[in-house]
Each structure stands twice: as structure tokens, then as C-alpha cells.
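Have a look at the structure below before the remarks.
The values are calculated or read from the model by the stated rules, or taken from the named source; none is laboratory data. Everything numeric in this text was worked out from a predicted model, so none of it was measured. Ideal geometry is used to build each Cβ from the backbone, glycine not excepted, and the neighbour counts take in all protein chains shown. When the accessible area is computed, the model is the full protein with side chains, heavy atoms only, and any ligands, DNA or RNA have been set aside. Shrake-Rupley method; radii C 1.70, N 1.55, O 1.52, S 1.80 Å.
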Amino acid sequence: MNWNYESATDADLAFVNRGMVGKDALDVIKWAYGTFGDDLVYACSFGAEGIVLLDLISKVKPDAPVFFLDTHLHFAETYDLIKRVRERYPTLRITIKEPALSLAEQAAAYGEALWERQPDLCCQLRKVEPLASVLEGAVAWLSGLRREQSPTRAHVQYVNRDNRFRSLKVCPLIHWTWQEVWQYIRTFDLPYNPLHDQGYPSIGCAPCTRAVQEGEDARAGRWANTGKTECGLHVAPASATRSDTKE
């Protein structure tokens, strides 16, 4: 069938997900590229799961398009990792996607340090809208979501209808554990962000990410003390819009 957001029914998605039971992540990736070809893009955060997916993707489609959403607020270690990944996988087409507004322009329009006052709006401007631009014309995208990461991700399927971006989202790692992610990284000596060794299991923008303390949830360091748990890429559309003005 001609798979896309409009044509794929719930029954179609259920059928293909049942067919993937017992398959490994590489099988899912092979199916995805076999089905969507160049209409499949990978938006990579360069976290631990992202590094695993990059390696798997390189085995299936060495010239796959990969996008990094550069908010201009990432850790220096993240930018350094991207350089090392380019060296490890020179044929992957890694593109840096930037927001429409520079940090200075965002400050002029919405006030300084928007992430401290309205983190949802900041993520909307610097992550959600750039990804929407990347996915224009694409039929599907890959994501490194895992079910054990958080309650909001516990029911993710291999192939999902993405109502936010009117796309299909393929998640090959849904059944992987954190331990399995790291076993793969170490087995194949993959490059990874050194912040993972310093108590940062989940790494986002520097102002909104802290190290996790012993006994805390793996995502507790993201937007700590704000009640926010997701950047907005993997949830229903948020209320934040460009109509908000600076306070």
C-alpha cells in the first residue's frame, strides 16, 4: 500500500505492528526504509538512544538523511559529539536545523531567558516548529523513544500515527532497556556524550537540564521543578503559540 498519514488506517497500523512482534530493531529499520525510502527522515537528539539508532541506520541506509534540531542552547559536549559522529559515519547526511529566530531575536520578541518563564513556548519556537519544517514533504520519521523512559511513552508502538506533525512515526527501540542501550554502545565502541558519565541520562538544552540524583527518575533532570516532562515533539499540540508576548 501507499503508506502515509492520510491513507494508513488504524487497522493498517495495528496489522503492521502485530507483524513486528518478535522482530529486532534492525528489522524495523529495514521495514521503514523499504517502505518509505527517502521519504523517511531521522530527527536525532544525539542522546544514547540516538547514537544506537544512528549506528543501526548506517547499516541499512548509509546515506540516510539525519536532522539535528539546534536550539543554540545545547551543551558544548553535544556539539562536539556531532563532530565525532560525522567522522564515524561520513556518508550519513547530517543536517543542522536551526530555529527561525536567533536567541537575540527571541529575547527581543518574548523577553530574556524565555525557557525560565515559558518553557513550553521556548520549546515550541526552538524545537517543535523547526521539526515541523523538516517534516514538510516527509511521509515518516524515526525516533528513539523507549517505553520504559516515562509514563507518557509507555504505550508507544513501532509505527505510530503522529497527529502533531501529520506524519507516521517509527520507533524501533520501544522494547529496549537502558542497560541494553549501553550494552550496544559499549559492544560497538560508539561515540557518546560524556555527560552521560556525569549523571545526565537524558540530555537536552543546557539551561533546562541538570544531573540526576541517585534514586531519581531518568528524566528528572529535564525542566526540573517546572512540571514539564516533554519538549512537545512527542505529545499532543501544546497551547503555546507565537501569539504569546513577552512579559
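If you place +1 on the Cβ of every Lys and Arg and -1 on the Cβ of every Asp and Glu, how big does the dipole about the Cα centre of the chain come out, in debye to the nearest 20?
Numbers: 28 positive and 32 negative charges, 55 e Å.
The dipole of the chain has a size of about 260 debye.
Under the 0.36 nm per residue contour assumption, what length would be gained going from the current alpha-carbon distance of Arg86 and His72 to full extension? Mind showing how you got there, number by number?
Numbers: separation 14, 0.36 × 14 = 5.04 nm, distance 1.89 nm.
Working it through step by step, the gained length comes to 3.1 nm.
Can you pick out the pairs among Lys61/Lys169; Lys97/Lys127; Lys30/Lys169; Lys97/Lys169; Lys30/Lys97; Lys127/Lys169 whose Cα atoms lie more than 21 Å from each other?
Lys30/Lys97
Which of the listed residues, Gly199, Trp141, Val159, is farthest toward the dipole's positive end in the chain, when Lys, Arg count +1 and Asp, Glu count -1 at the beta-carbon?
Among Gly199, Trp141, Val159, the one farthest towards the positive end of the dipole of the chain is Val159.
If I stretch the segment between Val21 and Ala211 completely, what's the gain in nm (0.36 nm per residue apart, minus their alpha carbon distance), one decimal?
64.9 nm
Could you please report the charge total around Gln183, scoring K, R as +1 and D, E as -1 over all other residues with beta-carbon less than 15 angstrom from its beta-carbon?
Net local charge, Gln183 excluded: -4.
Quick check: at a probe of 1.4 Å, how many percent of the accessible area of region 4-44 sits on carbon and sulfur atoms?
On the way: 1090 of 2050 Å².
Exposed carbon and sulfur together represent 53 percent of the surface.
Magnitude of the Cβ-charge dipole of region 37-180, K/R +1 and D/E -1, about the Cα centre, nearest 20 debye?
Charge dipole of region 37-180: 400 debye, to the nearest 20.
Apply 1/(1 + (r/R0)^6) to the Cβ-Cβ distance of Glu136 and Asp10, taking R0 = 30 Å, and write down the FRET efficiency to the nearest 0.05.
That gives a FRET efficiency of 0.80.
Under a point spin-label approximation (7 Å from Cα along Cα-to-Cβ), what is the Glu112-Ala154 distance to one decimal in nm?
Rounded to a tenth, the inter-label distance reads 4.2 nm.
Among (1) 47, 39, 31; (2) 50, 40, 36; (3) 68, 38, 37, which is the computed Cα extents along the principal axes in Å?
So the structure-derived entry is (2).
Pull up the DSSP beta bridges for the chain and report the antiparallel fraction as a percent, rounded to 5.
Of those bridges, close to 30 percent are antiparallel.
Which percent of the accessible heavy-atom area of region 158-220 goes to carbon and sulfur, probe 1.4 angstrom?
46
So what J values fall out for region 195-203 if you push phi through Karplus, 6.51 cos²θ - 1.76 cosθ + 1.60 with θ = phi - 60°, rounded to Hz, Gly and Pro as x?
Values per residue, Gly and Pro as x: 5, 4, 7, 10, x, 10, x, 10, 10 Hz.
Going by alpha carbons, how many degrees (0 to 90, nearest 10) lie between the helix axis of 178-187 and the longest principal axis of the chain?
The answer is roughly 70 degrees.
How large is the helix-only mean residue ellipticity at 222 nm for the chain, computed as the sum of -39500 (n - 2.57) over DSSP H runs with n ≥ 4, divided by its residue count, in deg cm²/dmol to the nearest 500?
Roughly -9500 deg cm²/dmol at 222 nm, from the helical runs in the chain.
Could you work out how much longer the chain between Arg93 and Gln183 gets when fully extended? Use 0.36 nm per residue separation minus the Cα distance between them, nm to one decimal.
29.8 nm
Just name one of Val85, Ile96, Leu114: the one whose Cα is farthest towards the positive end of the charge dipole of region 3-124 (beta-carbon charges, Lys/Arg +1, Asp/Glu -1).
Val85
For Ala43, list long-range residues whose amide hydrogen, built 1.01 Å from N in the peptide plane, is under 5 Å from its own amide hydrogen.
Those lying under 5 Å, H to H, from Ala43 are Phe67, Leu142.
Could you do me a favour and compute the accessible area per residue for the chain, 1.4 Å probe, result in Å²?
Numbers: 11740 Å² over 247 residues.
Dividing the accessible area of the chain by its residue count gives 48 Å².
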